[in-house]
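Working notes for the structure below.
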Amino acid sequence: MYNPKSEEAGEFISCQEILDTLDYARRVKDDMSVVNGILEKARETKGLTHREASVLLACNNEDKVNEIFDLAFDIKQQFYGNRIVLFAPLYLSNYCVNGCLYCPYHHGSDIPRKKLSQDEIRAETIALQNMGHKRLAVEAGEDPVNNPIEYILESLQTIYGVRHKNGAIRRVNVNIAATTVENYRKLHDAGIGTYILFQETYDRAGYEELHPSGPKHNYAYHTEAMDRAMRGDIDDVGLGVLFGLENYACEFAGLLMHAEHLEASFGVGPHTISVPRVKPAQGVDPASFDGGVSDELFAKIAACIRIAVPYTGMIISTREGQSVREKLLRLGVSQISGASRTSVGGYVENPEEDTRQFEVSDTRTLDEVIKWLIDLDYVPSFCTACYRAGRTGDRFMELCKSKQILNCCHPNALMTLKEYLMDYAAPQTLGAGEKLIEREIGAIPKEKVRDLVRKNLVNIQNGQRDFRL
Ligand code: SF4
Ligand code: SF4
């Protein structure tokens, strides 16, 4: 499936095509016959090309924008229902040799440096398990001396090995710098979930300015990382850009072109897309970058991503506050982080303000986030079943595109929520969660599955754990 041509210096995301796309979108955005045609195609829920989606993003007609929001909600319901998957980041080390201008971990920064020992990782993992987390995203700066691949691999083993009370981390996604096929294969063999790497920006000239030094300066090597990851047998990869650095429309088109490239080359698009925005941090002022994105525009970007790639999970972190998160949940976000600490060692020590990668806007506890989701009629899910059942890559996408995956997602959400309620929930959350589960069991269409879930819920009540479909 792999197309060797794609090795040519990140050319699959041609700057000229991005510019042509933006120009095309500007020209036709007020032509309602074109916009209506694209919306009609989008309703088939098979996705849109980067050009089509860019037209929707450029369109400012109020009625059409409302239609875009409604359609995003509708597609979200069809593919994800009312479930929201929870995760937390775990920062291993902030040593970094790169010079990214928007990140306080850049090598010239005077931020205190810290790298967790395996004992400290164990302690952080226990703290995360004690909140109820089952799914982590491991983060580390790029530093071949302090954070070599062996350190990451050992850390993964440590995390997966911690069993504290009923806790368990069942899936660890990894967000580390672009690396070699050989190292990706090692990560795959260590049992990672999704490999996540943000492109930051698809504006090549802007990228090179924002990354003036270190291995990350190499745009092509960074952009082709997902190709190498796939060749290293990692078949779930997560894309993302840092909105706010450069022109949002350019980032949006580039992101979708990247997804199209993966689909064309490997038969499987990105597992997830993250939509972070630049946030204040030590020495970082979002206003100093070119591409500020308002909350309204941010919502429209999320809605257009949902429409363009209906089968791809969308992630929003605690970089965003409660109200923005609430709005984006409706428009397509399927995964959120909760109770995150963005400092190294932040779950055990008092949050160390001075080693944070960025300011967290949503500072609620995990239990508060769970209660909030339940009150909004979402089903918080700690499900990690697909990765553990080998439903990854094209096997996952096939089930997802045909919407059959829903037959697993919903029951698994209810069973993992029940585990959370039994082990970690505050009394009010427990009461609200039990009522939600009772209501939602009725939404499982097959009687046989309903009965199985009921039986497993009783087993969970009686102390058994880890049921999944
Ligand atoms: S964004 Fe990543 S690579 Fe860049 S300085 Fe921060 S930690 Fe290092
Ligand atoms: S069943 Fe698979 S797709 Fe659904 S929530 Fe669980 S891991 Fe995700």
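The values are calculated or read from the model by the stated rules, or taken from the named source; none is laboratory data. Values in this document were obtained by computation on a predicted structure and should not be read as measured data. In this analysis, Cβ positions are derived from the backbone assuming ideal geometry, glycine residues included, and neighbour counts consider all displayed protein chains.
One residue is enough: does segment 238-250 have a residue meeting the conditions of a type in the set (Phe, Trp, Tyr) and either closer than 30 Å to Ser54 by Cα or in contact (Cβ under 8 Å) with a residue 60 or more places away in the chain (or both)? Walk me through it before giving the result.
At the first step, the residues of segment 238-250 found to be of a type in the set (Phe, Trp, Tyr) are 243, 248.
With either closer than 30 Å to Ser54 by Cα or in contact (Cβ under 8 Å) with a residue 60 or more places away in the chain (or both) added as a condition, the list becomes 243, 248.
Scanning segment 238-250, I find at least one residue that is of a type in the set (Phe, Trp, Tyr) and either closer than 30 Å to Ser54 by Cα or in contact (Cβ under 8 Å) with a residue 60 or more places away in the chain (or both), so the answer is yes.
Residues being of a type in the set (Gly, Ala, Ser), at negative phi, away from ligand 2 (no atom under 16 Å from the Cβ) and outside any helix (DSSP H, G or I): count how many of those fall in segment 413-469. Let's see the steps before the verdict.
First pass over segment 413-469, keeping only residues of a type in the set (Gly, Ala, Ser): 413, 425-426, 431-433, 442-443, 463.
With the extra rule that they be at negative phi, the set shrinks to 413, 425-426, 431-433, 442-443.
Going one step further and asking which of them are away from ligand 2 (no atom under 16 Å from the Cβ), we end up with 425-426, 431-433, 442.
Next cut, outside any helix (DSSP H, G or I) only: 425-426, 442.
The number of residues fulfilling the criteria is 3.
List every residue pair whose Cβ atoms lie under 6 Å apart, where the two residues are 6 or more positions apart in sequence or sit on different chains, the first residue falls within segment 309-335 and is among the hydroxyl-bearing types (Ser, Thr, Tyr), and the second residue, located anywhere, is assigned to a helix (DSSP H, G or I) and crowded, with 21+ Cβ neighbours inside 10 Å.
Cβ pairs passing all conditions: Tyr311/Cys400; Ser334/Tyr80.
Can you say whether Ala426 is modelled with pLDDT of 95 or more, small (Gly, Ala, Ser), outside the structural domain of Glu368 (by TED's automatic domain parsing) and more than 26 Å from the chain's Cα centre (by Cα), as far as the supplied structure shows?
Details: modelled with pLDDT of 95 or more: yes; small (Gly, Ala, Ser): yes; outside the structural domain of Glu368 (by TED's automatic domain parsing): yes; more than 26 Å from the chain's Cα centre (by Cα): yes.
The answer is yes for Ala426.
Quick check on segment 332-354. Is at least one of its residues farther than 24 Å from Gln129 by Cβ and at pLDDT 90 or above? Working first, answer last.
To start, the set of residues in segment 332-354 that are farther than 24 Å from Gln129 by Cβ comprises 332-333, 353-354.
Restricting the remaining residues to those that are at pLDDT 90 or above gives 332-333.
Taking every residue of segment 332-354 in turn, at least one turns out to be farther than 24 Å from Gln129 by Cβ and at pLDDT 90 or above.
May I ask you to list the residues in segment 115-125 that are of a type outside the set (Asp, Glu) and either outside the structural domain of Gly214 (by TED's automatic domain parsing) or under 23 Å from the mean Cα position of the chain (by Cα) (or both)? Full working, then the answer.
Going residue by residue through segment 115-125, those that are of a type outside the set (Asp, Glu) are 115-118, 121-123, 125.
Selection gives Ile121, Thr125.
May I ask you to list the residues in segment 172-206 that are buried (at least 23 other Cβ atoms within 10 Å of the Cβ) and of a type in the set (Phe, Trp, Tyr)?
Within segment 172-206, Tyr184, Tyr195, Tyr202 meet the criteria.
Report yes if Pro112 is out of contact with any helix residue (DSSP H, G or I) (no Cβ under 8 Å at 6 or more places or on another chain), in the same structural domain as Asp375 (by TED's automatic domain parsing) and either over 19 Å from Pro148 (Cα atoms) or in a loop (DSSP other than H, G, I, E, B) (or both), otherwise no.
Answer is no for this residue.
For segment 385-412, which positions are without any contact (Cβ under 8 Å) to a residue 24 or more places away in the chain and not in a helix (DSSP H, G or I)? It would help to see each step written out before you state the result.
Going residue by residue through segment 385-412, those that are without any contact (Cβ under 8 Å) to a residue 24 or more places away in the chain are 386, 390-391, 395, 398-399, 402, 404-405.
Correct list: Gly390, Arg391, Ser402, Gln404, Ile405.
Looking only at segment 116-137, which residues are touching a helix residue (DSSP H, G or I) at 6+ places or on another chain (Cβ under 8 Å) and either buried (at least 21 other Cβ atoms within 10 Å of the Cβ) or touching a residue at least 60 places away in the same chain (Cβ under 8 Å) (or both)? Please lay out each step first, then the result.
Let us first name the residues in segment 116-137 that are touching a helix residue (DSSP H, G or I) at 6+ places or on another chain (Cβ under 8 Å), namely 116, 118, 121-122, 125, 131-134, 136.
Selection gives Leu116, Ile121, Thr125, Met131, Gly132, His133, Lys134, Leu136.
Quick check on this structure: which one of Thr355, Thr365 is polar (S, T, N, Q), closer than 30 Å to Ala123 by Cα and surrounded by fewer than 17 Cβ atoms within 10 Å (Cβ to Cβ)?
Details: Thr355 fails: surrounded by fewer than 17 Cβ atoms within 10 Å (Cβ to Cβ).
It is Thr365.
Scanning segment 102-139 for residues that are more than 13 Å from ligand 1 (Cβ to nearest atom) and at pLDDT below 95, which turns out farthest from Leu245 (Cα to Cα)?
We begin by selecting, within segment 102-139, every residue more than 13 Å from ligand 1 (Cβ to nearest atom); these are 110, 112, 116-137.
So of that shortlist, the ones also at pLDDT below 95 come out as 110, 112.
Numbers: Asp110: 22, Pro112: 25 Å.
Across segment 102-139, the extreme among qualifying residues is Pro112.
Give the number of residues within segment 263-290 that are more than 17 Å from Leu48 (Cα to Cα), more than 16 Å from the chain's Cα centre (by Cα) and not charged (D, E, K, R). Don't jump to the end; show me each part of the working.
Just the residues of segment 263-290 that are more than 17 Å from Leu48 (Cα to Cα), to begin with: 265-266, 274-290.
Now narrow it down to the ones that are more than 16 Å from the chain's Cα centre (by Cα): 265-266, 279-290.
Of the ones still in play, those that are also not charged (D, E, K, R) are 265-266, 280-284, 286-289.
Number satisfying all stated conditions: 11.
For segment 208-248, enumerate the residues that are assigned to a loop (DSSP other than H, G, I, E, B) and away from ligand 1 (no atom under 14 Å from the Cβ). Give the derivation first.
Looking only at segment 208-248, we keep the residues that are assigned to a loop (DSSP other than H, G, I, E, B), and these are 211-214, 218, 224, 232-236, 242, 244-247.
Glu224, Gly232, Asp233, Ile234, Asp235, Asp236, Glu246, Asn247 - these are the residues of segment 208-248 that are assigned to a loop (DSSP other than H, G, I, E, B) and away from ligand 1 (no atom under 14 Å from the Cβ).
Can Lys446 be described as among the basic types (Lys, Arg) and closer than 25 Å to Gly321 by Cα? Working first, answer last.
On the way: among the basic types (Lys, Arg): yes; closer than 25 Å to Gly321 by Cα: no.
Spelling it out, it is not the case that Lys446 is among the basic types (Lys, Arg) and closer than 25 Å to Gly321 by Cα.
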